[in-house]
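Novice: Attaching a single structure in structure tokens format; questions to follow.
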Amino acid sequence: MRVMLISGVVVLAGLAWANWPVPDLPERTKVDRILVRKEARTLTLFEQGRSVATYPISLGRVPTGAKRQEGDKKTPEGRYLITEHKSDSAFYRALRISYPNTYDQERARLEKRPPGSNIMVHGLPNGLGLIGRVHRWMDWTAGCVAVTNSEMKQIFAVVQPQAEIEILP
């Protein structure tokens with residue numbers, strides 16, 4: 001009985017940690033730039049050159065190196081734009097990234113490989129939001145940048161259409 005009680009407390013504490021709310025952003029925040037640092041596993045939001053928030057992230061299953069082709073499980077590197085806010089995604093909200101850009105398309109053409117597409121910043125898979133921060137223990141996406149659902153809710157609300165996103169190694 002005691003072991004079950006302790007186990008229950010541990011599980012509840014773990015769920016509380018995994019889903020602890022993120023601090024609110026200042027009212028009327030309008031993000032015009034996102035910086036992703038793959039090695040540091042961070043996504044930072046900027047408003048008029050000033051950092052307003054940084055979030056830990058998960059990346060594609062093969063996080064080292066730039067995306068070269070469809071299916072390589074790598075997250076792209078370079079400068080892109082946020083082209084769409086998607087609320088009807090397989091994940092809890094998503095921001096579509098303009099990958100592949102002209103450079104990526106030309107490289108893929110020269111290498112005779114499809115560059116891939118459908119790269120986004122998104123929350124957790126629909127129905128799995130309770131895993132919260134636990135998702136950060138591994139890189140698991142197909143090449144996207146993932147955050148918790150509460151973080152995605154904030155990011156989705158403040159990132160402006162056509163905001164720049166730079167993804168660094």
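Novice: For Lys86, what residues show an amide H to amide H distance below 5 Å, using hydrogens built from the backbone and excluding near sequence neighbours?
Specialist: Ala94, Leu95, Arg96
Novice: Quick check on region 79-169: take the gyration tensor over C-alpha atoms, sort the square-rooted eigenvalues as a ≥ b ≥ c, and tell me if it's rounded (a/c under 1.5), prolate or oblate.
Specialist: Because a/c hits 1.5 or more and a/b exceeds b/c, region 79-169 counts as prolate.
Novice: Taking amide H positions as placed 1.01 Å from N in the peptide plane, with prolines and chain starts having none, which residues 5 or more places from Phe91, or on another chain, fall under 5 Å of its amide H?
Specialist: Asn126
Novice: Using only the Cα atoms of region 35-121, construct the convex hull and provide its projected area averaged over every direction, in square nanometres to one decimal.
Specialist: 6.3 nm²
Novice: What is the local net charge at Val22, summed over the other residues whose Cβ is closer than 15 Å to its Cβ (Lys, Arg +1; Asp, Glu -1)?
Specialist: Residues near Val22 contribute +2 overall.
Novice: Residue separation times 0.36 nm, minus the C-alpha to C-alpha distance between Glu70 and Asp24: what's the value?
Specialist: Contour length minus Cα-Cα distance gives 12.9 nm.
Novice: Is region 2-168 best put as rounded, prolate or oblate by its Cα gyration tensor, with a ≥ b ≥ c the root eigenvalues, rounded for a/c under 1.5, and otherwise prolate when a/b is larger than b/c, oblate when not?
Specialist: Because a/c hits 1.5 or more and a/b fails to exceed b/c, region 2-168 counts as oblate.
Novice: Same structure again: For the cross-link pairs Lys30/Lys86; Lys30/Lys67; Lys30/Lys73; Lys30/Lys74, which exceed 26 Å when the distance is taken from alpha carbon to alpha carbon?
Specialist: Pairs exceeding the cut-off: Lys30/Lys67; Lys30/Lys73; Lys30/Lys74.
Novice: Follow-up question, since we're still on this one. Gain in length, Ser51 to Ala142, computed as 0.36 nm per residue apart minus the alpha-carbon separation, to one decimal in nm?
Specialist: 30.0 nm
Novice: Taking amide hydrogens as modeled 1.01 Å from N in the peptide plane, which residues meet the under 5 Å criterion relative to Gly60, leaving out close sequence neighbours?
Specialist: Residues meeting the criterion, in which the H sits 1.01 Å from N, are Thr75, Thr141, Gly143, Cys144.
Novice: Another question about this same structure. Quick one: what do you get for region 91-134 if you divide its Cα Rg by 2.2 N^0.38 Å?
Specialist: Output field value: 1.60.
Novice: Ok, one more. Give, as a single signed number, the net charge of other residues whose beta carbon lies under 11 Å from the beta carbon of Ser87, with Lys and Arg counted +1 and Asp and Glu -1.
Specialist: Residues close to Ser87 contribute a combined charge of +1.
Novice: Once you list every other residue whose beta carbon is under 13 Å from the beta carbon of Ile57, what net charge do they have if Lys and Arg are +1 and Asp and Glu are -1?
Specialist: Result for the local shell: +2.
Novice: Based on Cβ point charges of +1 for Lys and Arg and -1 for Asp and Glu, what charge dipole magnitude is obtained for region 2-168 about its Cα centre, in debye rounded to the nearest 20?
Specialist: The calculation lands at about 340 debye.
Novice: I'd like to verify something in the chain: which complete DSSP H helices, judged by Cα projection on the helix axis, reach 15 Å or more and average at least -0.5 on the Kyte-Doolittle scale?
Specialist: 2-18
Novice: Another one. Label region 119-158 by shape, choosing from rounded, prolate and oblate, from the square roots a ≥ b ≥ c of the eigenvalues of the Cα gyration tensor; if a/c is under 1.5 it is rounded, and otherwise prolate applies when a/b is larger than b/c, oblate when it is not.
Specialist: Note, shape of region 119-158 comes out oblate.
Novice: Would you mind putting 122-132, 143-153 in packing order, based on average other-beta-carbon counts within 10 Å, highest first?
Specialist: Packing proxy ranking, top to bottom: 143-153, 122-132.
Bear in mind that the values in this text are calculations on the coordinates, not laboratory data. Since we're looking at a predicted model, the values are computed, not measured. Here Cβ is always computed from backbone atoms with ideal geometry, including for glycine, and neighbour counts include all displayed protein chains.
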